[in-house]
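In what follows, a structure is listed as structure tokens, so that the remarks can point back to it.
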Amino acid sequence: MRIFHSEREKHRYYNSLSEEQKYDAFSEILFESESVVFLGGAGVSTESGIPDFRSKNGLYKKKDRRFARYKPEYLLSSECLRKKPELFFDYYRKNLDARTVEPNAAHRKLAEMEASGRLRGVITQNIDGLHQKAGSKNVQEIHGTIWKNHCVSCGAEYDVNFIFDNPDPVPRCPVCGKTVRPDVTLYGEFLPQPAYTNAINLIGRADCLIVGGTSLEVGSAAQLVHMFHGSHLVIINKGRTKMEGAADLVFHDSIGKVLERI
């Protein structure tokens, strides 16, 4: 185990490493860590063909004349669901259906790491369910999931197909006739509990946090990273990411490509 006498000494050492040496150091960190947690964003799923939100090819840059009058944040907001439900479900069905999407190398590697005991859990901002599809068990979905739906009135629960395959412009509950909505955290809503509480607990016990596929622009993810006080922070993202100055190792590459080398 490598001993450092200060944070400054530790960062100086890791910053001095070549790209190849960084992979060896990453493997060493994982071997020495007792509680590793992964925090991921939209970039984890882009290699499965799901667009992220804000990049030049992201969902928010997508051109569709039917929705051109509205900002994407409004189309995926609680206000839109409440005031213009037909518009909300039209946009939701056309853009967030991930039922046929398959996990990529990053999802599979994380599931493998958890199964082997090297990873305690995954915290994800994604709503596509690909981590579970790959085999991960301890997944905290802090922005909810498309795979579950519920009635806004009686609380009856429905599966993923109920909304996406429903012929009605606004899906209605067969029990009480009210709107059935996805268990997705919309703009203007609080994060789901207990998922966020579980995420905080995972972060609190972690001695190594791997952050992947997120620029940390979204407050919920950034707040979790600020709560991390363990030994090692590793960031993997193709683009620049906030808080890189606090990380021991930074990889500007594909998440699956980096993880498969350790």
- Query: Restricting to region 190-235, what's the tally of residues that are outside any helix (DSSP H, G or I), at pLDDT below 95 and either acidic (Asp, Glu) or farther than 30 Å from Arg2 by Cβ (or both)?
  - Reply: 7
- Message: Quick check on region 208-262: of everything there that is acidic (Asp, Glu) and under 24 Å from Tyr13 (Cβ atoms), which residue is farthest from the chain's Cα centre (by Cα)?
- Response: Asp248
- Query: Does region 177-187 contain at least one residue that is surrounded by fewer than 21 Cβ atoms within 10 Å (Cβ to Cβ), in contact (Cβ under 8 Å) with a residue 40 or more places away in the chain and within 14 Å of the chain's Cα centre (by Cα)?
  - Reply: yes
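Farther than 26 Å from Lys133 by Cβ and of a type in the set (A, V, I, L, M, F, W, C): does that describe Val175? Working first, answer last.
Values: farther than 26 Å from Lys133 by Cβ: yes; of a type in the set (A, V, I, L, M, F, W, C): yes.
Yes; evaluated as a whole, the condition is true for this residue.
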- Note on the structure: Scanning region 97-116 residue by residue, the ones that are over 22 Å from Gly43 (Cβ atoms) and either part of a helix (DSSP H, G or I) or touching a Leu at 6+ places or on another chain (Cβ under 8 Å) (or both) total 1
- Item | Glu141 being under 20 Å from Pro182 (Cα atoms), within 16 Å of the chain's Cα centre (by Cα) and either surrounded by 14 or more Cβ atoms within 10 Å (Cβ to Cβ) or at pLDDT 95 or above (or both) | yes
- Residue ID - surrounded by the fewest Cβ atoms within 10 Å (Cβ to Cβ), chosen from residues in region 57-79 that are in contact (Cβ under 8 Å) with a residue 40 or more places away in the chain and touching an Asp or Glu at 6+ places or on another chain (Cβ under 9 Å): Ser78
- Say whether the condition of being on the phi < 0 side of the Ramachandran plot, surrounded by fewer than 20 Cβ atoms within 10 Å (Cβ to Cβ), in contact (Cβ under 8 Å) with a residue 60 or more places away in the chain and assigned to a loop (DSSP other than H, G, I, E, B) is met by at least one residue in region 87-96. yes
- Message: Quick test of your reading of the structure: Ala156 fulfils all but one of (1) small (Gly, Ala, Ser); (2) within 21 Å of the chain's Cα centre (by Cα); (3) surrounded by fewer than 20 Cβ atoms within 10 Å (Cβ to Cβ). Name the failing condition by number.
- Response: (2)
- Message: Could you tell me how many of the residues in region 197-225 are closer than 16 Å to Ile235 by Cβ, touching a strand residue (DSSP E or B) at 6+ places or on another chain (Cβ under 6 Å) and among the small types (Gly, Ala, Ser)?
- Response: 3
- Give the number of residues within region 27-43 that are part of a helix (DSSP H, G or I) and either polar (S, T, N, Q) or out of contact with any Asp or Glu (no Cβ under 9 Å at 6 or more places or on another chain) (or both). 4
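The values are calculated or read from the model by the stated rules, or taken from the named source; none is laboratory data. None of the values given here were measured: they were computed from a predicted structure. Neighbour counts run over all protein chains shown; Cβ positions are idealised from the backbone, glycine included.
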